[in-house]
Every structure is written in structure tokens, then in C-alpha cells.
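Peer 1: Before anything else, here's the structure in question.
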Amino acid sequence: METVGSLIDKLCINELKIYHMAEQAERDDTDDDFKEDCGKRLDILRMQREELGAELEELMNDVLSGKRRLRIYRQMKMYNEKKFKD
């Protein structure tokens, strides 16, 4: 099951990919095949962005309506704690 954080993380990574792929598509030193390939990839990345956004919206609507609840997990770090050292 996706969490709010994991969906936001995926959306951020996706946005970076869109930004950089758009840069590649606009390069002047490449041929038309390269630009066409970048355009196709951009279409896929934008579709993924829409799907991830819809999934996040659905999750938030479910949380706000009470259909699902968010779980909060405590951090259980063991480093830098004297009782866990040899």
C-alpha cells in the first residue's frame, strides 16, 4: 500500500524527470529522431504524473472521509545509543 510520503516522493522524482527530459527534447544539437523519442518519453512521464496525482488525491479523500487512516511509525534507531553498543 502506498503512503502519502511515498506518493509525494514518486511525484517529486517524476517532476525532475519531466524537467530534464523536456530539456533534452529542446536541445539544438540533436536530430529529429532524438527529439521524437524524448517527446514520447515526456508523454509517458506526464501520464505517470497524472496517475500518481490521482492516486494521492484518492488516498487523501479516503483519509479525510475516514475510510482509511494514516499510520505513524516511531523511529527505532539503534546507533548512537549506549545501551546497544558492545
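No value in this document is a laboratory result; all are computed from the given coordinates. Given the structure is predicted, the values throughout are model-derived calculations rather than measurements. Cβ atoms come from the backbone with ideal geometry, glycine included; neighbour counts cover every protein chain shown.
Peer 1: State whether one or more residues within segment 30-40 are charged (D, E, K, R), touching a helix residue (DSSP H, G or I) at 6+ places or on another chain (Cβ under 8 Å) and more than 18 Å from residue 3 (Cβ to Cβ).
Peer 2: There is at least one residue in segment 30-40 that is charged (D, E, K, R), touching a helix residue (DSSP H, G or I) at 6+ places or on another chain (Cβ under 8 Å) and more than 18 Å from residue 3 (Cβ to Cβ).
Peer 1: Here is a follow-up. Working only within segment 20-29, note down all residues that are surrounded by fewer than 11 Cβ atoms within 10 Å (Cβ to Cβ) and closer than 30 Å to residue 5 by Cβ.
Peer 2: 23
Peer 1: Do we find that residue 13 is part of a helix (DSSP H, G or I) and in contact (Cβ under 8 Å) with a residue 40 or more places away in the chain in this structure?
Peer 2: Taking the combined requirement at face value, the residue does not satisfy it.
Peer 1: A further question on this structure: Could you pull out the residue among 68, 49 that is surrounded by 10 or more Cβ atoms within 10 Å (Cβ to Cβ) and in a helix (DSSP H, G or I)?
Peer 2: 49
Peer 1: Restricting to segment 2-24, give me the number of residues that are out of contact with any helix residue (DSSP H, G or I) (no Cβ under 9 Å at 6 or more places or on another chain) and over 16 Å from residue 38 (Cβ atoms).
Peer 2: 5
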